[in-house]
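Here's the structure, in structure tokens; my notes come after.
The values are calculated or read from the model by the stated rules, or taken from the named source; none is laboratory data. Because the structure is predicted, anything quoted here is derived from the model rather than measured. Please note: Cβ atoms are built from the backbone with ideal geometry, for glycine as well, and neighbour counts cover all protein chains shown. Calculation scope for accessible area: heavy atoms of the full protein, side chains included, ligands and nucleic acids excluded. Shrake-Rupley method; radii C 1.70, N 1.55, O 1.52, S 1.80 Å.
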Amino acid sequence: MKQFVFLTLIGVLCVTAVQAQKVKGSDTVLPLSQKEAERYMKTHPSATVTVTGGGSGVGISALIEGTTDIAQSSRKIKFDEKQKIRAGAQTVEEIIIAYDALAVVVHPRNPVQELTREQLEGIFTGKITNWKEVGGSDLKIIPYSRETSSGTYEFFKESVLKNRNYKNGILSMPATGAIVQSVSQTRGAIGYIGLAYLNREVKALRVSYDGGGTFTAPSVANAKNGTYPIVRPLYFYYITRSEKAVRPFIDYVLSPAGQQIVHETGFIAL
Amino acid sequence: MKPDLLRCKRKGFRLFAEALFTLSGTVTTVVILLIILFLFKEGAGLFRSNEVEKGYSLCVHASSPVERLSPAQIKQIFDYETEWIPFRLEDLFDRYSEEELGKDYALLPGKLGEEITKEPKLVAFVPTQYVPTGLPTVRVLPGSRIGWLRFFGGKEWMPTATPAPLFGVLPLLLGTLWVSLFAILIALPLGLGATVYLSELAGEKMRRLLKPAIELLAGIPSVVYGFFGLVVLVPFLQRTGGLPVGETALAGSLILAIMALPTIITVAEDAMRNTPKALREASLALGATRWQTIYRVVFPASVSGISAAIVLGIGRAVGETMAVLMVTGNAAVMPSSLLEPVRTIPATIAAELGEAPAGGAHYQALFMLGCILFLITLLISTAAEIISGKSFYNKKGI
């Protein structure tokens, strides 16, 4: 009897060792991969997928150290992170699992409807300080940013500000919800949020990346057909050697069922 | 059981209990000291870090007159505010494909050298391992360590600016003191008023009702105060004051004042009520009115307790994190008025530590901020200790 218990225990351990996977990284991707893991485990009862957050950087460094199987990231892997993996004689695989669009939002009563990338850059770097400079009323512009720890902050800086620094002393909010709250109650406010957070209390602006040629409104459809410019991919990274172990879960995420979850959580399916 | 044995057993138990208490006391003290040591060790590492991001170097054309760049100058260059042209590795990837850079980027330094040679006004920010060596046209700028003066005297806090982060602690330090100062100025009259009412004027029934209610205020989680501030106080201030932005130092001070009130009232009220009955009765017997008794006798007698209450209230305000993070707007600017956003030290640590790479300069700078905060609170609690030790009775020889 004792032997039997022992053997089954070993058997169970072996199976879980093969099937258990750890996903770690970006807090933006966290709700999505949690839901994916939940549904995946329901359809594959023998598998275990543990999902934790901590930020994109944390996830990728865990991948380098080998303490996670998949790193979820809201930004592309950095050059020196890739170098570190290369130094360990490994290669890394990159999978885009979904897209996320950022909407630029203002107070609902602000008459401004659209801005170019150059104007946005001017506003967030502090060169443009009054709404009348961009066709609005005579009102001070109050730009709201996210905290420096956020991947959204980095992406907005890269895509909209072209790597220039935000203006010194920009208002920074600890969460996207706080930006929505502040923009909805401040007349001169402007901020950026994930498309999923867009609601009626704030107004999304149309944005142009070609110097004012065409302005596009942020929507799932426009992000999908590529006309809306502020769109970022969300990534899964894994070490090529562990492909066999992680592939079933990634395949599930990329399957129609998995992409349905992407849609439900407010992101843009592939 | 023999009485001898019983005594022996009791003694053994007593010795055991004593040892246990000594042990727990020692362990607690040692752990606290170790935490402080860790804090300062991590923080001090900042002054051994380079100003330019770890593992990277700045290169210029050999003919360039630039000798040395301060972090502020580097920031200006990379914000395209000078005549110099900033160049990052991404710019190289835009111009060449991965194949052209060769296996393991073996050809990368060469291509980089070409770019620098072509444009004498270029300032290139590249990983140190790919700096082109042996080219007469390329010069690597010498890196310098982050200095004490730049940290404690700097007026710009931009910890994630690349290539060179700006760690100027002045706006954060002044922001913390600014918000706390006004919080205590608001809380002081209110708190003392409530204390005098509770301990001297209120009836027993009222007191029984009010005291627990005020103590209950101390039990509300600070994030709830923060949320209340963001949703109620901030829009209220904005509307009534006609302010362009509601997240201001004033909002932070008001929330902190509300949060410090229970501490002040509870401690000060205890001090006033502990005034000996004899003092009070002697004063009344001499013909003093109730009001004269309060401010001539009870107040001076309990002044050390009241001062301690105020200092504890300040300590509460200085260290508060969550509520301030939510209502002050967190803009790292030198505070100049109450109606502008500010950023405090605790809020900065809470907001940035999550993503600061462990061991990096940013991480160490946040620990250094922790050290500063620790010193401020140490100073405050020492002051409280000294003040409450100075008794009215000792002075008057009663």
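Here are a few things to note about the model shown:
- Positive-end residue, region B:170-396 charge dipole about Cα centroid, Cβ charges, pick of B:Phe182, B:Pro300, B:Ile255: B:Pro300
- The packing ranking, built from the mean of other Cβ atoms within 10 Å per residue, places the peptides B:221-230, A:213-222 in the order B:221-230, A:213-222, highest first.
- Candidates A:Ile77, A:Ile60, A:Ile190: whichever shows maximal mean-square fluctuation once chain A is modelled as a Gaussian network with Cα springs under 10 Å: A:Ile77
- Taking amide H as placed 1.01 Å from N in the peptide plane, A:Gly126 has its amide H under 5 Å from the amide H of A:Lys167, each at least 5 places away in sequence or on another chain.
- Prolate is the label for region B:240-365. Its Cα gyration tensor axes, ordered a ≥ b ≥ c, give a/c of at least 1.5 and a/b above b/c.
- Solvent-accessible surface (1.4 angstrom probe) belonging to B:Cys8, in square angstrom, nearest 10: 90 Å²
- Rg/Rh (Cα only; Kirkwood hydrodynamic radius) as it applies to chain B: 1.16
- Rolling a 1.4 Å probe over the protein chains gives B:Leu279 an accessible area of about 40 Å².
- Rounded to whole Hz, the Karplus (6.51, -1.76, 1.60) HN-Hα couplings of region B:9-16, x for glycine and proline: 5, 4, 5, x, 5, 5, 4, 4
- Close amide H pairs (under 5 Å, H built 1.01 Å from N) link A:Ser145 with A:Leu171, A:Ser172, A:Met173, residues at least 5 positions away or on another chain.
- Volume per residue of the convex hull around the Cα atoms, evaluated for region A:36-155, comes out as 158 Å³.
- Acute angle (nearest 10 degrees) that the helix A:56-65 long axis makes with the longest principal axis of chain A, alpha-carbon atoms: 30 degrees
- Long-range amide H partners of B:Ala356 with built H, under 5 Å: none
- Karplus-derived HN-Hα couplings along region B:362-368 (A = 6.51, B = -1.76, C = 1.60, θ = phi - 60°), whole Hz, x at Gly and Pro: 4, 4, 5, 5, 5, 5, 4
- Other protein chain C-beta atoms within 10 Å of residue C-beta, averaged over B:228-234: 2.
- Each Lys and Arg contributes +1 and each Asp and Glu -1, all at the Cβ; summed about the Cα centre of region B:170-396, the dipole is approximately 980 debye.
- Accessible area that becomes buried as A packs against B, both chains, 1.4 Å probe, Å², nearest 100: 3000 Å²
- Remark: the Cα gyration tensor places region B:301-360 in the oblate category, a/c being 1.5 or greater and a/b not exceeding b/c.
- For the protein assembly as shown, a Kirkwood hydrodynamic radius built from all Cα pairs, placed in the Stokes-Einstein relation at 25 °C and 0.890 mPa s, yields a translational diffusion coefficient of 84 µm²/s.
- Between the helical axis of B:249-273 and the longest alpha-carbon principal axis of chain B there is an angle of about 30 degrees.
- Rounded to the nearest 10 degrees, the angle from helix A:2-19 to the longest Cα principal axis of chain A is 30 degrees.
- Rotationally averaged projected area of region A:100-224 (alpha carbon convex hull; nm²): 7.0 nm²
- Phi angles of region A:168-182 translate, via the Karplus equation with coefficients 6.51, -1.76, 1.60 and θ = phi - 60°, into HN-Hα couplings of 5, x, 6, 5, 10, 9, x, 8, 4, x, 5, 5, 4, 4, 5 Hz per residue; Gly and Pro are given as x.
- Net charge dipole, chain B: roughly 2800 debye, given to the nearest 20, about the Cα centre with Cβ charges of +1 for Lys and Arg and -1 for Asp and Glu.
- Column: log10 I(q)/I(0), Debye, Cα scatterers of region B:56-147, q = 0.11, 0.17 Å⁻¹: -0.30, -0.71
- Average beta carbon contacts from partner chains per residue of B:238-251, 10 Å cutoff: 3
- Histogrammed with a bin width of 10 Å, the alpha carbon distances of region B:148-233 distribute as 14, 25, 26, 19, 11, 6, 1 percent, first bin at zero.
- Legend: calculated FRET efficiency, B:Glu90 to A:Thr129, from the Cβ-Cβ distance at R0 = 51 Å, rounded to 0.05, equals 0.95.
- In plain terms, the chain from B:Leu353 to B:Leu339 could stretch by 2.3 nm, reckoned as 0.36 nm per residue minus the Cα-Cα distance.
- Solvent exposure of B:Glu281, expressed as accessible area, is near 100 Å², computed with a probe of 1.4 Å over the protein chains only.
- In Å, descending, principal axis extents of the Cα set of chain A: 83, 39, 31
- Secondary-structure-derived ellipticity at 222 nm for chain B, considering helices only, amounts to -18500 deg cm²/dmol, per-run term -39500 (n - 2.57) for DSSP H runs with n ≥ 4.
- Computed log₁₀ I(q)/I(0) - Debye formula, equal Cα scatterers, no solvent, region B:170-396, q 0.18 Å⁻¹: -1.24
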